[in-house]
1. Using the structure shown, decide if Ala118 is within 18 Å of Ala347 (Cβ to Cβ) and either of a type in the set (S, T, N, Q) or away from the ligand (no atom under 16 Å from the Cβ) (or both).
2. How many of the residues in the stretch 329-358 are of a type outside the set (A, V, I, L, M), over 13 Å from Leu388 (Cβ atoms) and open to solvent by less than 10 Å² (accessible area, probe 1.4 Å)?
3. Check every one of the helices (runs of 4 or more DSSP H) wholly within the stretch 1-97 and list those with 1 or more residues that are closer than 26 Å to Ala167 by Cα.
4. Could you tell me whether any residue of the stretch 437-457 is outside any helix (DSSP H, G or I), of a type outside the set (Gly, Ala, Ser), open to solvent by less than 50 Å² (accessible area, probe 1.4 Å) and more than 30 Å from Leu175 (Cα to Cα)?
5. Can you tell me which residue within the stretch 130-153, out of those that are more than 16 Å from Thr362 (Cβ to Cβ) and in a strand (DSSP E or B), is farthest from the ligand (Cβ to nearest atom)?
6. Which numbered condition in (1) modelled with pLDDT under 95; (2) within 14 Å of the ligand (Cβ to nearest atom); (3) charged (D, E, K, R) is the only one that Glu170 fails?
7. List every residue pair whose Cβ atoms lie under 6 Å apart, where the two residues are 6 or more positions apart in sequence or sit on different chains, the first residue falls within the stretch 249-270 and is open to solvent by 100 Å² or more (accessible area, probe 1.4 Å), and the second residue, located anywhere, is modelled with pLDDT of 95 or more.
8. Which residues, taken from the stretch 277-328, are on the phi > 0 side of the Ramachandran plot and either of a type in the set (D, E, K, R) or buried (at least 17 other Cβ atoms within 10 Å of the Cβ) (or both)?
Amino acid sequence: MGGTADIGVVGLGVMGRSLALNIAGHGFTVAAFDRDRDQGARLSTAAAARTGQTGPIVPASDLSGFVDSLKRPRAILLMVPAGQPVDDGLQALLPLLARDDAVIDGGNSHYRDTMRRAAAMAERGLLFVGLGVSGGEAGALTGPSLMAGGPRAAYQRVEPILTTIAARTEGRICLAWLGSDGAGHFVKTVHNGIEYADMQAIAEIYGLMRAAGMAAAAMAAIFARWNQGELESFLIEITADILTRKDEATGRPMVELIQDRAQQKGTGQWASVAALELGVPAPAIAEAVFARTLSARKAERVAAAGVLGGAAVKLPTGEGFLADLHDAMLTARLASYAQGLALIDAARRAHEWQTDLSTIGTIWQGGCIIRARLLDAVRAAYGRDPDLPNLLMADEVRPRLLKALPGLGRVVALAASHGVPVPLLASSLAYVEGYRTAELPANLIQAQRDYFGAHTIERTDRPGSIHLDWAGLPK
Ligand code: 6PG
């Protein structure tokens, strides 16, 4: 005998609680459980106040009562921190579940953990969905972007609920099934990698504006203007907002009072490691991670500035400085999309996921942190050609890229000649230039490898691999 709740949520932290409220607000009955028993009761009261109905969220005082309160076959959304807590949660649930019950992990889990868990659950006749959820608290409450992976049957079970809570943009829904086991969490990880790159690009542009002596209010006006055009996006929008905020006590822009040490929880690192493992060039994503780690070494940087003399010159700006910054941002964004999509493309081939790259353009266009007008190009480009080798080659992207690239080049040159660090912008320039270079100097690397390690070379004028006797070593 089953219960009456449509879905259960385990873990009522910020994200679990917000998703539970969102689901309950759409007419579903939600069973709720947290180790902290008071959380469920508080949430139930909040849901009643929000919906004007009693009982959309039914708090449970123990896990077995929680499981019993669910309709069968059951659907349980696990919203606990990634890592061991997910395994612990599954371990606690397993004895209480029955064949065909489905567990959905909505945390930022590593996709390999999701693959492992999906296999272990399948062995027991249970269904497991790895669900990437983006949009933070506000998104979870009012419409997140949802990236699902797992058995199709499991996804279909929860699709009606997820459909009602996901973000919508221009009539499209920001929810999709992206393939079996780890596909959803992989796509979420790459989303975060792109998020890191986009944030780093914006921060570098802000750094250049600051080096040019611009006041925060003037910068805010520029970002707000950019947000009306091609660069329209959540991250540009909030940057404009952040730059207008003043500290009440000092009257100074709040941003100037914040320590320049960026933290991270690891998803950018996972995306970079996946790129290295899959042999996909994704330097912008990795560079954004390294830039955060460098920023975190504040004391070391301060000491080095004293010894090595970091530049503090005012950046000379001329006609076109702001237009070049705009184009640098645009190019960097395109480069990070290209790298992220190439990474997903490689992963879907390696793991035989049925991921549709065009759909990714759609589900990232609303609800999530990287939502941006430019993602239109991703949807259109991969919709026309699912086997596009690289986004930069697409008709929707190529003309914009070629128009904006010189601006990025001028910005990087200006920064380099005045000692302003722009690792992400410089890396994006190198990526685009490298990608469009037919003859790279890697022939010399092959010669060196063959010289010291007999690793062989391939000649341009003959087939096959050969080793040359470079040093005339005695045989
Ligand atoms: C999202 C965000 C979300 C979270 C990251 C931040 O899509 O809603 O990416 O997942 O903000 O965990 O990551 P860092 O702490 O590593 O910056």
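1. For Ala118, the condition - within 18 Å of Ala347 (Cβ to Cβ) and either of a type in the set (S, T, N, Q) or away from the ligand (no atom under 16 Å from the Cβ) (or both) - is met.
2. Adding up the residues that qualify gives 6.
3. Passing ranges, in order: 14-24, 37-51, 84-93.
4. Among the residues of the stretch 437-457, at least one is outside any helix (DSSP H, G or I), of a type outside the set (Gly, Ala, Ser), open to solvent by less than 50 Å² (accessible area, probe 1.4 Å) and more than 30 Å from Leu175 (Cα to Cα), which makes the answer yes.
5. Only one residue tops the list, namely Gly149.
6. (2)
7. Matching pairs, first to second residue: Arg261/Ser295; Arg261/Ala296; Arg261/Lys298; Gln269/Val289.
8. none
The values are calculated or read from the model by the stated rules, or taken from the named source; none is laboratory data. Bear in mind that the values here come from a model prediction, so they are computed numbers and not experimental data. Note: ideal-geometry Cβ built from the backbone for every residue, glycine included; neighbour counts use all protein chains shown. Heads up: the accessible areas ignore ligands, DNA and RNA and are worked out on the full protein's heavy atoms, side chains in. Shrake-Rupley method; radii C 1.70, N 1.55, O 1.52, S 1.80 Å.
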